[in-house]
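Below is one structure, written out as structure tokens; the observations come after it.
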Protein chains: 2
Amino acid sequence: MSTGPKQALYGEFALVARALGSPHRLEMLEHLAQGERSVEALAERAGLGIANASQHLQQLKRAGLVGSRREGKYVRYRLADDSVLDVMAALSEVASHNLAEVALIRQGYFDVRDELEPVSRDELRHRMRDGVVTVLDVRPQDEFEAGHVPGAINIPLKDLENRIAELSPEQEIVAYCRGPWCVLSFEAVAELRARGFTVRRLQDGLPEWRAAGLPVAHA
Amino acid sequence: MSTGPKQALYGEFALVARALGSPHRLEMLEHLAQGERSVEALAERAGLGIANASQHLQQLKRAGLVGSRREGKYVRYRLADDSVLDVMAALSEVASHNLAEVALIRQGYFDVRDELEPVSRDELRHRMRDGVVTVLDVRPQDEFEAGHVPGAINIPLKDLENRIAELSPEQEIVAYCRGPWCVLSFEAVAELRARGFTVRRLQDGLPEWRAAGLPVAHA
DNA sequence: GTTACATTCAATAAATCTCTTGAATCATTA
DNA sequence: TAATGATTCAAGAGATTTATTGAATGTAAC
């Protein structure tokens, strides 16, 4: 009595959820959201062995979360489609609302609660049109070059301290990075605030900006 | 070198996803989306032992997906908040887009592809206002009484064959049930179509209707 | 208080998942 | 053709998850 279509659907959905249920795989997905990546690149980012990373990727593939194509010696993996971004964002929402640990981690960057509030994509577009905001992309340079918010300047987080002179203290700054989970922008905001800048985070990151149909500049 | 805030966040998100990664737990969540339920009721629905169901529920609780309160001898579990509905819907989206098995199961109910297209909540509201549609709730009676789309009539799927005379063959019917995964409405649509009715499914189910801020009628 | 009942806890075996290792495959380059 | 490099396959040890069982806890009814 167990295997009607209902049970079959539950089984398929559970397969997808289980594929999302590993920190390493989530980290790989977040990087894949920035663009195509080889197995080797993903393995290095996630701190995994090549064979291990390959197995994780195949699990993601079986769950329909990623696709791959061979390009010469390399196999390039990519996110299956934008609905994967949606499920990642939904996961982040649930965890942020209902897990005290997540709220604590996020708040750990700031003294004042209000500073956590992100800027919406719409609001940022209006401010950009009025020219009253500096958009700061704190991702590594290669990710910036593969696509970024038009008009944004790129200072990777680890260079921020050295290159802080490039930022004008008079204009409000909006920082963004990879997506709703990416802590780079949290750290950037915390550091810049400590130096007296007016900074906020953009809601989510570049992948969601692109998925919302907004323009993306390429270097 | 492994436990920065980034890794901690991945770990929390993975905890949530793992909790979603079991067919039994997903089935319990779908029932909890209809309203509060005791451990016993959930165990019976999912075909589990009491102790086993209790453990699954505690796993959901640790992941922040459900809450509970004691009411006399019973412990009533409930969905933590509406963001849980979002993540369930997002899971359904990914699976439907990217897993051939899911598409096959869904299409298994129909001959013609177009009949799969659901009616959006907005479209249904307009048709209801014009009085040109019968809204059919195919969930069991107790779930209907706990809350339903105003004006809907309740014929549980298993009674549909006997009570088919209650439906007017002239008016279009829109059927709904528990949510994006619920196959009751699929089966109802298939059966009614076979008998010459004009039927479509509502997008998602009652929990999503309520979460969208639309009115809900009680008993 | 004692009894009955719903739920949780604790302990265990079976199943599944993860990571490592070394060999196999597939496409490029010499 | 041989050699190299990227990825996948296959097998096994270790850790985690699941379902079962029986005992413990907490609440309501007698």
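The values are calculated or read from the model by the stated rules, or taken from the named source; none is laboratory data. Please read all numbers here as calculations on a predicted model, not as lab measurements. No Cβ is skipped: glycine too gets one built from the backbone with ideal geometry, and neighbour counts run over all protein chains shown. For the accessible areas, the whole protein counts, side chains as well, though only heavy atoms, and no ligand, DNA or RNA atoms are used. Shrake-Rupley method; radii C 1.70, N 1.55, O 1.52, S 1.80 Å.
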For this session: Taking B:Asn154 as the residue in question, decide whether it is touching a helix residue (DSSP H, G or I) at 6+ places or on another chain (Cβ under 9 Å) and either of a type in the set (S, T, N, Q) or in the same structural domain as B:Leu32 (by TED's automatic domain parsing) (or both).
Result: yes
For this session: Identify the residue in the range A:48-57 that is near DNA strand D (Cβ under 8 Å from one of its atoms) and in contact (Cβ under 8 Å) with a residue 12 or more places away in the chain and, among all such residues, is farthest from the chain's Cα centre (by Cα).
Result: A:Ser54
Seminar exercise, completed: Only one of (1) away from every other protein chain (no Cβ under 12 Å); (2) assigned to a helix (DSSP H, G or I); (3) of a type in the set (Ser, Thr, Tyr) does not apply to A:Tyr77, and that is (2)
For this session: Return the only residue of A:Leu60, A:Leu85 being within 26 Å of B:Lys61 (Cα to Cα), more than 10 Å from chain B (Cβ to nearest Cβ) and touching a residue at least 24 places away in the same chain (Cβ under 8 Å).
Result: A:Leu60
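Among A:Arg163, A:Arg178, which is the only one that is more than 23 Å from A:Gly131 (Cβ to Cβ) and among the basic types (Lys, Arg)?
A:Arg178
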Problem set entry | Members of the range B:128-150 found to be loosely packed, with under 12 Cβ neighbours inside 10 Å and of a type outside the set (D, E, K, R), listed by number | B:Gly131, B:Val132, B:Pro150
Exercise. Of the residues B:Val87, B:Val119, which single one is closer than 28 Å to A:Ala19 by Cβ, in contact with a Leu (Cβ under 9 Å, 6 or more places away or on another chain) and open to solvent by less than 50 Å² (accessible area, probe 1.4 Å)?
Worked result: B:Val87
Problem set entry | Residue list for the range B:1-29, restricted to those being within 7 Å of chain A (Cβ to nearest Cβ), outside any loop (DSSP other than H, G, I, E, B), modelled with pLDDT of 95 or more and open to solvent by 10 Å² or more (accessible area, probe 1.4 Å) | B:Gly11, B:Glu12, B:Arg18, B:Pro23
For this session: Starting from residues that are aliphatic (A, V, I, L, M) and in contact with a strand residue (DSSP E or B) (Cβ under 8 Å, 6 or more places away or on another chain), keep the ones in the range A:48-83 and report whichever is surrounded by the fewest Cβ atoms within 10 Å (Cβ to Cβ).
Result: A:Val75
For this session: Sort out which residues of the range B:30-47 are in a helix (DSSP H, G or I), open to solvent by less than 50 Å² (accessible area, probe 1.4 Å) and either away from chain A (no Cβ under 12 Å) or in contact (Cβ under 8 Å) with a residue 40 or more places away in the chain (or both), and write them in order of number.
Result: B:Glu30, B:His31, B:Leu32, B:Val39, B:Ala41, B:Leu42, B:Ala43
Exercise. Looking at A:Ala8, A:Ala46, A:Ala17, which is the one that is in contact with a His (Cβ under 9 Å, 6 or more places away or on another chain) and not charged (D, E, K, R)?
Worked result: A:Ala46
For this session: Please state which of the following conditions A:Glu101 fails to meet, knowing it meets all the rest: (1) buried (at least 16 other Cβ atoms within 10 Å of the Cβ); (2) within 8 Å of another protein chain (Cβ to nearest Cβ); (3) not hydrophobic (A, V, I, L, M, F, W, C).
Result: (1)
Exercise. Hey, A:Asn98 hits all of (1) among the polar types (S, T, N, Q); (2) over 20 Å from the mean Cα position of the chain (by Cα); (3) within 16 Å of DNA strand C (Cβ to nearest atom) but one; which does it fall short on?
Worked result: (3)
Problem set entry | Hits in the range B:71-86 - residues which are at pLDDT 95 or above and near DNA strand D (Cβ under 10 Å from one of its atoms) | B:Tyr74, B:Val75
